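Quick one: the structure is below, questions incoming.
The values are calculated or read from the model by the stated rules, or taken from the named source; none is laboratory data. Since the structure is predicted, the reported quantities are computational estimates derived from the model, not experimental observations. Please note: Cβ atoms are built from the backbone with ideal geometry, for glycine as well, and neighbour counts cover all protein chains shown. Just the protein is used for accessible areas: all its heavy atoms, side chains included, with ligands, DNA and RNA removed. Shrake-Rupley method; radii C 1.70, N 1.55, O 1.52, S 1.80 Å.
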Amino acid sequence: MERYVIKGGNPLVGEVEIGGAKNAALAILAAATMTDETVYIDNMPDASDTNAMLKAIESIGAYVERTGRHSVKINASQIRSYSIENDYIKKIRAGYYLLGALLGKYKQAGVALPGGCHIGLRPIDQHIKGFTALGAKVTIQGIIKAEAEQLVGKHIYLDVVSVGATINIMMAAAMAEGKTIIENAAKEPHVVDVANFLNSMGANIKGAGTDVIRIRGVEKLHGTEYTIIPDQIEAGTFMLAAAATMGDVTVKNVIPKHLESISAKLVEMGCQIHESDDAVRVVATRRLQNTHIKTLPYPGYPTDMQPQITVALGLASGISIVTESIFESRFKYVDELTRMGANIKVEGSTAIIEGVERYTGATVSAPDLRAGAALVIAALTAEGYSTVEEIKYIERGYEDFDIKLRELGAQIEKVDDDRDVQKFKLKHA
Ligand code: EPZ
């Protein structure tokens with residue numbers, strides 16, 4: 001089984017190019033099935049979740065061609081099935097975006113219940129509430145089905161701020177009759193990106209990025225050429241890796257505004273942040289200081305950056321408190337981190353962190369995508385060798401994570417078995 005073997009201790013130094021946003025890409029791929037015309041998408045990350053979504057839309061009849069590592073051409077005029085329950089779709093949580101997309105265009109959709117990272121209960125009641133309000137009948141029997149004679153725009157108030165529900169309702173409403181208003185909508189950059197993508201196909205969506213989105217349904221969507229925004233979380237992960245290793249890293253091809261909540265916390269922790277138009281440089285020259293964090297919907301501090309900052313705070317002076325308010329089981333990695341010497345107590349949704357001087361190398365297992373990346377950061381700072389197992393989770397959302405880290409000076413390799421681990425240790429003795 002593939003794993004990363006890491007020798008810690010090197011500060012990360014240099015520049016790293018950030019790819020397209022995975023969570024925008026997943027929804028945009030579903031939305032690409034809403035037109036019979038050809039769609040060209042650029043800045044598509046080559047991660048296992050986006051690749052599974054490409055396979056999923058291909059399996060229902062869409063023509064998919066990778067025109068480059070990060071560009072794809074899609075034509076969905078020959079879609080032959082509105083129901084999808086194969087392994088590709090079961091692997092990813094974002095498979096549910098095909099519900100909104102196919103329901104919007106074909107007025108019928110069926111998708112196997114969503115998979116994805118095990119970070120909490122992750123209900124989809126708000127998606128269902130939205131589809132139902134638009135006039136669909138939704139049933140769940142292993143697979144979720146939604147169908148409607150006709151979709152009619154409605155005023156929908158979301159009970160919780162949900163990225164997935166906001167995007168899903170937006171897609172279905174884009175081709176409904178009349179006007180839909182989504183109140184208490186999610187404001188994440190990828191919500192805006194999906195709205196921009198749909199608008200570039202002829203949809204009429206206003207207000208994305210605020211908490212009220214207004215959608216006037218159109219009869220037809222057309223082809224487009226579109227470039228996905230940079231991945232806020234990939235960028236943030238490298239920023240935290242720079243801080244934790246006492247490094248100096250410039251993350252390039254980013255939108256600094258999307259990173260403000262992360263930059264602000266790094267400043268509180270004693271790092272220097274230098275922003276330019278499309279890059280952010282993080283410099284850490286002295287031991288990090290403690291701070292307190294609560295994860296919140298955008299523009300608050302993102303839940304997808306919670307494990308990475310907890311790892312960094314585990315090395316900071318003083319006591320830090322991190323409160324996870326979005327997902328209830330997002331501290332599972334703390335047990336692994338404790339085995340590397342961290343002093344963290346989790347009480348419900350709060351982690352109380354007493355910073356230690358240093359982590360020590362250990363064999364740890366990634367419990368989910370972002371926690372996996374965070375354990376790699378811990379290993380990069382640790383004394384000695386570490387092995388991070390279950391890297392399939394990390395590869396769901398990070399393209400070439402090990403290669404990009406190596407280019408910044410990290411001693412990390414992806415290996416297959418124990419013999420390779422020994423070889424790595426000899427090479428880096
Ligand atoms: C998206 O998940 C992302 N996934 C997650 O990224 C991210 O952590 C999350 O948004 C929050 O930013 C994708 O885009 C594929 P939500 P999603 O609906 O849409 C509750 C990563 O690491 N809720 O915004 O599933 C829910 O339980 C991943 O890349 C309901 O109660 O998240 C949670 O507490 C992991 N009912 C909160 O809302 C619903 O119907 C926010 O969830 C829907 C959600």
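Let's see how each residue does on (1) surrounded by fewer than 22 Cβ atoms within 10 Å (Cβ to Cβ); (2) more than 9 Å from the ligand (Cβ to nearest atom):
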residue: G130; (1), (2): no, no
residue: I143; (1), (2): yes, yes
residue: A146; (1), (2): no, yes
residue: V161; (1), (2): yes, no
residue: N168; (1), (2): no, no
residue: A176; (1), (2): no, yes
residue: I182; (1), (2): no, yes
residue: A185; (1), (2): no, yes
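Hey, which of the strands (runs of 3 or more DSSP E) in region 326-428, taking only ones fully inside, have at least 2 residues that are in the same structural domain as N10 (by TED's automatic domain parsing), open to solvent by 30 Å² or more (accessible area, probe 1.4 Å) and of a type in the set (S, T, Y)?
363-365
Something else about it: For region 230-252, name all the residues that are polar (S, T, N, Q), open to solvent by less than 10 Å² (accessible area, probe 1.4 Å) and in a strand (DSSP E or B).
If the condition is that a residue be polar (S, T, N, Q), open to solvent by less than 10 Å² (accessible area, probe 1.4 Å) and in a strand (DSSP E or B), then no residue fits.
From the residues in region 395-429 that are aliphatic (A, V, I, L, M) and in contact with a strand residue (DSSP E or B) (Cβ under 8 Å, 6 or more places away or on another chain), which one is farthest from T237 (Cα to Cα)?
Applying the filter and picking the extreme gives V421.
Can you confirm whether region 278-289 contains a residue that is of a type in the set (S, T, N, Q), more than 22 Å from A373 (Cβ to Cβ) and touching a Gly at 6+ places or on another chain (Cβ under 6 Å)? Even if it seems obvious, please write down each step before you answer.
Applying the first criterion (of a type in the set (S, T, N, Q)) to region 278-289 yields 285, 289.
Adding the requirement that they be more than 22 Å from A373 (Cβ to Cβ) leaves 285, 289.
Checking the rest, the ones that are also touching a Gly at 6+ places or on another chain (Cβ under 6 Å) come to 289.
Yes - at least one qualifying residue is present in region 278-289.
Identify all residues within region 273-323 that are touching a strand residue (DSSP E or B) at 6+ places or on another chain (Cβ under 6 Å) and within 12 Å of the ligand (Cβ to nearest atom); write none if there are none.
T295, Y301, T303, Q306 - these are the residues of region 273-323 that are touching a strand residue (DSSP E or B) at 6+ places or on another chain (Cβ under 6 Å) and within 12 Å of the ligand (Cβ to nearest atom).
Quick check on region 27-36. Is at least one of its residues open to solvent by 40 Å² or more (accessible area, probe 1.4 Å) and either away from the ligand (no atom under 13 Å from the Cβ) or not assigned by TED's automatic domain parsing to the domain that holds G100 (or both)?
Yes: region 27-36 contains one or more residues that are open to solvent by 40 Å² or more (accessible area, probe 1.4 Å) and either away from the ligand (no atom under 13 Å from the Cβ) or not assigned by TED's automatic domain parsing to the domain that holds G100 (or both).
Something else: Between V218, V160, which is touching a strand residue (DSSP E or B) at 6+ places or on another chain (Cβ under 8 Å) and not in a strand (DSSP E or B)? Give the derivation first.
Details: V160 fails: touching a strand residue (DSSP E or B) at 6+ places or on another chain (Cβ under 8 Å).
Being touching a strand residue (DSSP E or B) at 6+ places or on another chain (Cβ under 8 Å) and not in a strand (DSSP E or B) holds for just one of V218, V160, which is V218.
For every residue, the table says whether it meets (1) more than 16 Å from the ligand (Cβ to nearest atom); (2) within 24 Å of the chain's Cα centre (by Cα); (3) at pLDDT below 95.
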site: T67; (1), (2), (3): yes, yes, no
site: Y88; (1), (2), (3): no, yes, yes
site: L113; (1), (2), (3): no, yes, yes
site: V138; (1), (2), (3): no, no, no
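Which members of region 148-159 meet the condition of being in contact with an Asp or Glu (Cβ under 6 Å, 6 or more places away or on another chain) and within 15 Å of the ligand (Cβ to nearest atom)?
Within region 148-159, Y157 is the sole residue that qualifies.
Only residues that are open to solvent by 30 Å² or more (accessible area, probe 1.4 Å) and among the hydrophobic types (A, V, I, L, M, F, W, C): list them for region 285-324, please.
Result: L296, I319, I321.
I would also like to ask the following. From the list I60, I79, I74, I124, exactly one residue is within 16 Å of the ligand (Cβ to nearest atom) and open to solvent by less than 50 Å² (accessible area, probe 1.4 Å). Which is it? Let's see the steps before the verdict.
Numbers: I60 fails: within 16 Å of the ligand (Cβ to nearest atom); I79 fails: within 16 Å of the ligand (Cβ to nearest atom); I74 fails: within 16 Å of the ligand (Cβ to nearest atom).
Answer to the check: I124.
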